Amino acid sequence: MSLSGTPTSNTSVLRWVRETAALTEPDEVVWCDGSQAEHDRLTAQMVATGTLIPLNPERRPGSFLARSAPGDVARVESRTFIASRRQADAGPTNNWREPEALREELNGVFAGCMRGRTMYVVPFSMGPVGGPISQLGVQVTDSPYVVVSMRTMTRMGAQALAALTEGTPWVPAVHSVGFPLVDTIGRARADVPWPCNDLKYIAHFPESREIWSYGSGYGGNALLGKKCFALRIASVMARDEGWLAEHMLVLKVTSPQQRVFHLAAAFPSACGKTNLAMLRPTLPGWRVETIGDDIAWMRPAPDGTLRAINPEAGFFGVAPGTGWSTNPTAMEMLRENVIFTNVALTDDGDVWWEGMTDEPPAHLVDWQGRDWTPDSPGPAAHPNARFTVSAAQCPTITDLDEPAGVPIDAILFGGRRRTNVPLVAQAGDWGQGVFMGAAISSEQTATAEGTVGQLRHDPFAMTPFAGYDMADYFAHWLSLREEVQHLPQVFSVNWFRRGDDGRFLWPGFGENCRVIDWICRRLAGQAEALRTPVGDVPVPGALDVEGLDVSPADLAELFTVDTASWLAEVDALEEYFARFGEKFPAELRGHLDLLRYRLTAPTGGDLDA
Ligand code: OXD
Ligand code: MN
């Protein structure tokens, strides 16, 4: 295949594109420039093939609905592989594959997989192009849906390609839906609106920093800048180079006294990161602005702070549960220029999903294209239905193009927990903070395959996303103490605690600003705390609950540390941590022992007293 007239002279990019095209055998190769004209051409083409349904331009201008194949609706962790030379480097939480064997297997499935299709070359930057924390990548894909999504989610196109000068490091990412239109003996078959393959591979080679994804067109499986690059590959870069690539949102908070704080927060998938990132405070005088909703890259900076960027340029958010009462900022952001996937279609050509409004419309077409009424058995939108939208459309976005990042004052660790974990607790020091991150567990959501509601341990909300052994990852976090002079304070939070009757004890959403208010006052040395075995919690009266309809009994329960159930939690953690074997840091084991001691000691185990 001739690649003459290509818009780059970077020999490594050209060689790789040529080799990938020779392997996958597309009909043509198209270099993407990220322009509006390109976007318009591709969306028009997808409307013609049935991949996209244009929404009513009066209700949702510039927006489209995509319906995926019913078997391609979430990340596939069981088919996500880390191919490091040594199995120990992948650790017990990853599916390890021997790199050479996996490469051979992939060469088999990718051979001819783009026959009859176009291969798009998508140059992109994670973070502002040329920024000191940013990184470059090139994805090839046979999915135009992926191309338009990458344009929203990353800095994609001509500028990123221009930055790819000879010798500049970049991450190659090969993607195919695995649905060739012509077979080995030249027989053609018709395309389908959402091509994919039952066989899937989401493969990572951390040592050569490569990504190979096959068989899925959905989200994190296919938009390779996100989970594959910005977390799995970048976490390995970060380990090697002394920084952090984390599954965290980033917020800018301004107090009524005009003091600015930056917070990063890790929660497992679909625990409301987007809602927290776009929080509309109910307390007067506070302002919350959004920097990122999913991923933070953080580096020790020369000024002694830990500085964070959001490497993405858009939001790929879970639609169900996003509504005018829960996240009005997101609803404003979604007024136009959005690609929705697997939501329901209204009779007037707009979209709907569970949680958007209190009352569902009387008639809809569901995410699989079937008629739906409120009496229908299942939900109208798939629980992992998504919106893809540019961050620039978010009314509260700030500092997204600040290449040096923002200094992080506090890190929050959370999960979806009915019991045990208090509304908020502060770690006494960095070690206890790292322990809090390692101890995260959460009730499973619909963003990946698995049993919804089941409690699973998810240290740092990173188990599906760390590209290396989590025991080494914990040690890396502990070692930051040596690198960062002004370490962030660490807090654990839990918005999801319930009473015995199953009801939520805390209203959440905008009211979470009350927790942020206490955190910021702690950072400023202006709020009092009470030591408990699981961290320092607000003294009675320190959390501002004025005007809130939470009974004193519920408030007390939000902070109850029940000895018996916490001892059971410590046992479960010990068993979980045992998976990491000898590499599990002794310091964290010490924190587990200390927690057990504090839970049982008659004095509450206050060793520093
Ligand atoms: C996501 C996830 O899509 O965490 O952000 O699954
Ligand atoms: Mn996520």
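The values are calculated or read from the model by the stated rules, or taken from the named source; none is laboratory data. Treat the numbers as computed from the prediction; the structure is a model and nothing was measured. All Cβ positions, even for glycine, are placed from backbone atoms using ideal geometry, and neighbour counts span all protein chains on display. Just so you know, the surface numbers come from the protein's heavy atoms only, side chains and all, with ligands and any DNA or RNA stripped out. Shrake-Rupley method; radii C 1.70, N 1.55, O 1.52, S 1.80 Å.
Leaving out ligands, DNA and RNA, and with a 1.4 Å probe, what % of the accessible surface on region 1-152 is carbon or sulfur? Taking all protein chains in place, region 1-152 shows 49 percent carbon and sulfur surface. Can you give me the angle between helix 36-49 and the longest principal axis of the chain, using Cα atoms only, in degrees from 0 to 90, rounded to the nearest 10? Value to nearest ten degrees: 80. Taking a ≥ b ≥ c as the square roots of the eigenvalues of the Cα gyration tensor, region 237-383 is prolate, since a/c reaches 1.5 or more and a/b is larger than b/c.
Axis angle, to the nearest 10 degrees, between helix 586-600 and the longest C-alpha principal axis of the chain: 40 degrees.
Just so you know, the Cα atoms of region 527-570 work out to an Rg and Dmax of 12.1, 36 Å. Prolate is the label for region 1-145. Its Cα gyration tensor axes, ordered a ≥ b ≥ c, give a/c of at least 1.5 and a/b above b/c.
Helical content of the chain, expressed as a calculated mean residue ellipticity at 222 nm, amounts to -7500 deg cm²/dmol (DSSP H runs of 4 or more residues, -39,500 (n - 2.57) each, divided by residue number, nearest 500).
When the alpha-carbon atoms of the chain are used, the pair Rg, Dmax equals 24.1, 79 angstrom.
Computed over neighbours whose Cβ is under 14 Å from that of ARG299, the net charge equals -4, Lys and Arg +1, Asp and Glu -1. Would region 328-425 count as rounded, prolate or oblate if I go by the C-alpha gyration tensor, calling it rounded below 1.5 in a/c and otherwise prolate when a/b exceeds b/c, oblate otherwise? Since a/c reaches 1.5 but b/c is at least a/b, the shape of region 328-425 is classed as oblate. The residues of the chain present an accessible area of 38 Å² per residue when probed at 1.4 Å with all protein chains retained. Farthest towards the positive end of the charge dipole of region 66-130, among the residues ASN95, THR80, TYR120, is the Cα of TYR120, using unit charges on the Cβ of Lys, Arg, Asp and Glu. Note on region 315-393: with neighbouring protein chains present and a 1.4 Å probe, carbon and sulfur make up 51 percent of its accessible heavy-atom surface. The residues neighbouring LYS273, those whose beta-carbon lies less than 14 Å from its own, together hold a net charge of -1 under the Lys/Arg +1, Asp/Glu -1 convention.
Less than 15 Å Cβ to Cβ from GLY130, Lys/Arg counted +1 and Asp/Glu -1: what total charge do the surrounding residues give? Neighbourhood net charge equals -1. In this Cβ point-charge picture (+1 for Lys and Arg, -1 for Asp and Glu), the chain has a dipole of about 700 debye about its Cα centre.
In this structure, the pairs whose alpha-carbon distance is over 20 Å, taken from LYS226/LYS273; LYS227/LYS273; LYS200/LYS227; LYS200/LYS583; LYS226/LYS252, are LYS200/LYS583; LYS226/LYS252. Taking the average, over residues, of other Cβ atoms within 10 Å as the packing measure, peptides 27-39, 181-193, 259-271 rank 259-271, 27-39, 181-193 from highest down.
Considering only DSSP states other than H, G, I, E and B, which chymotrypsin sites (Phe, Trp or Tyr not before Pro) in region 292-325 qualify as loop sites with at most 15 other Cβ atoms within 10 Å?
Here the chymotrypsin sites (Phe, Trp or Tyr not before Pro) that fit, given the DSSP loop and packing criteria, are TRP324.
To the nearest ten degrees, helix 470-483 and the longest principal axis of the Cα atoms of the chain are 70 degrees apart. Couplings 3J(HN,Hα) of region 315-323, computed from phi: 10, 10, x, 6, 6, x, x, 8, x Hz, in residue order, whole Hz [Karplus 6.51 cos²θ - 1.76 cosθ + 1.60, θ = phi - 60°; x for Gly and Pro].
From most to least packed by mean Cβ count within 10 Å, the peptides 224-232, 157-165 give 224-232, 157-165. If you average the alpha carbon positions of region 410-428 and of region 256-308, how far apart do those two centres end up, in angstrom? Here the answer is 16 Å between Cα centres.
In region 540-604, the portion of solvent-accessible area held by carbon and sulfur atoms comes to 56 percent [1.4 Å probe, whole percent, DNA, RNA and ligands not counted].
For region 499-609, the dipole from Cβ point charges (+1 on Lys and Arg, -1 on Asp and Glu) about the Cα centre works out to 380 debye, to the nearest 20.
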